[in-house]
Amino acid sequence: GDFSYRIHLEGNGEFERLAQEVNAISEAKEKAVASEMRSQRMKTELITNVSHDLRTPLTSIITYVDLLKKAEPGSEEAAEYLEVLKSKRLNHLVNSLFDAVKASSGDIPVEWMNVDMKTLTEQALGEFSDDFEKNNLTPVFHGAEESTMVYADGKLMFRIMENLLGNVKKYAMAGSRVYVDLVTEGSRVILTVKNISA
């Protein structure tokens, strides 16, 4: 059971070759155990994060269903509560969960294409402009002058951008600036997001 143990034999005979093969089996087993432990840890973290993310919208749903029961049918209040309940946030979270499960199993489809990171970043910042305005956050974007084309999956890259900017929206100090820089270094395009934490 001690996979870290290695047989040390010097020479080039049959026993030495056998020792090397046994050592190779031990190394492979050690890597497999480490990989399995990492996979289990990732699954636990995923379940914890998803449970936390789902709790907020579910609490909102329960609260608004209770309010809807008390409201007059057809009233302005009832319409307002229904609008909140129609929110796509929960659906988005469930889809994200399925995507995360697919990604952890290595079964997520990737559609490779040429993507302009400058345009993608501007689109993502546009999507978050209202949220940033509500939190009094000022985005400062510096885009590279050179080509910012990368070979990637546009949808998945946009999800990464959403995740980064979503974290800024949640955790940045109100009234501060958010710096988004896009630079090219040789054949690489580097995106940096900086903000002051609340």
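Think of the chain as a dipole: +1 on every Lys or Arg Cβ, -1 on every Asp or Glu Cβ, centred on the Cα centre; then among ASN12, VAL84, ASN135, VAL84 lies furthest on the positive end.
Counting only Cβ charges, +1 for Lys and Arg and -1 for Asp and Glu, the dipole size of the chain around its Cα centre is about 480 debye. List the lysines whose Cα sits under 16 Å from the Cα of LYS134, skipping any in the same chain fewer than 8 residues away. Cross-link targets: LYS169, LYS170. With viscosity 0.890 mPa s and temperature 25 °C, the Kirkwood radius over alpha carbon pairs of the range 96-182 converts through Stokes-Einstein to a diffusion coefficient of 172 µm²/s. Annotation: TYR64 carries an accessible surface of approximately 70 Å², with a 1.4 Å probe and no ligand, DNA or RNA atoms counted. Surface exposure of the chain, expressed per residue as accessible area with a 1.4 Å probe, stands at 73 Å². The heavy atoms of HIS142 offer some 100 square angstrom of accessible surface to a 1.4 angstrom probe. Annotation: lysines with alpha-carbon distance below 24 angstrom to LYS102 (same-chain offsets under eight excluded): LYS31, LYS43, LYS88, LYS155.
One compactness figure for the range 147-195 is 1.30, namely its Cα radius of gyration divided by 2.2 N^0.38 Å. Between LEU156 and ASP2, the simple spin-label model (points 7 angstrom out along Cα→Cβ) gives 4.2 nm. Diffusion coefficient of the range 1-66 by Stokes-Einstein, Kirkwood radius over Cα pairs, 20 °C, 1.002 mPa s: 135 µm²/s. Summing Cβ point charges (Lys, Arg +1; Asp, Glu -1) relative to the Cα centre of the range 91-198 gives a dipole of roughly 380 debye. Split the accessible area of the chain by element, probe 1.4 Å, and carbon with sulfur accounts for 55%.
Using C-alpha pairs under 8 Å with a sequence gap of at least 6, the mean separation divided by the residue count of the chain gives a relative contact order of 14 percent. For Rg and Dmax of the Cα atoms in Å, the choices are [x] 18.8, 56; [y] 25.3, 90; [z] 15.7, 48; which was calculated from the structure? Label [y] holds the value from this structure.
The residue among MET161, LEU58, PHE98 whose Cα reaches farthest toward the positive pole of the charge dipole of the chain, with charges on the beta-carbon of Lys, Arg, Asp and Glu, is LEU58.
The range 1-32 and the range 166-195 have Cα centres separated by 48 Å. Comparing ALA172, ALA152, ALA32, which has the greatest mean-square fluctuation in the GNM of the chain with Cα pairs linked when under 10 Å apart? For the chain, modelled as a Gaussian network with Cα springs under 10 Å, the answer is ALA32.
The values are calculated or read from the model by the stated rules, or taken from the named source; none is laboratory data. Since the structure is predicted, the reported quantities are computational estimates derived from the model, not experimental observations. Note that we place each Cβ from the backbone using ideal geometry, even for glycine, and neighbour counts take in every protein chain shown. Each accessible area value is taken on the protein alone, full model and side chains, heavy atoms only, with ligands, DNA and RNA left out. Shrake-Rupley method; radii C 1.70, N 1.55, O 1.52, S 1.80 Å.
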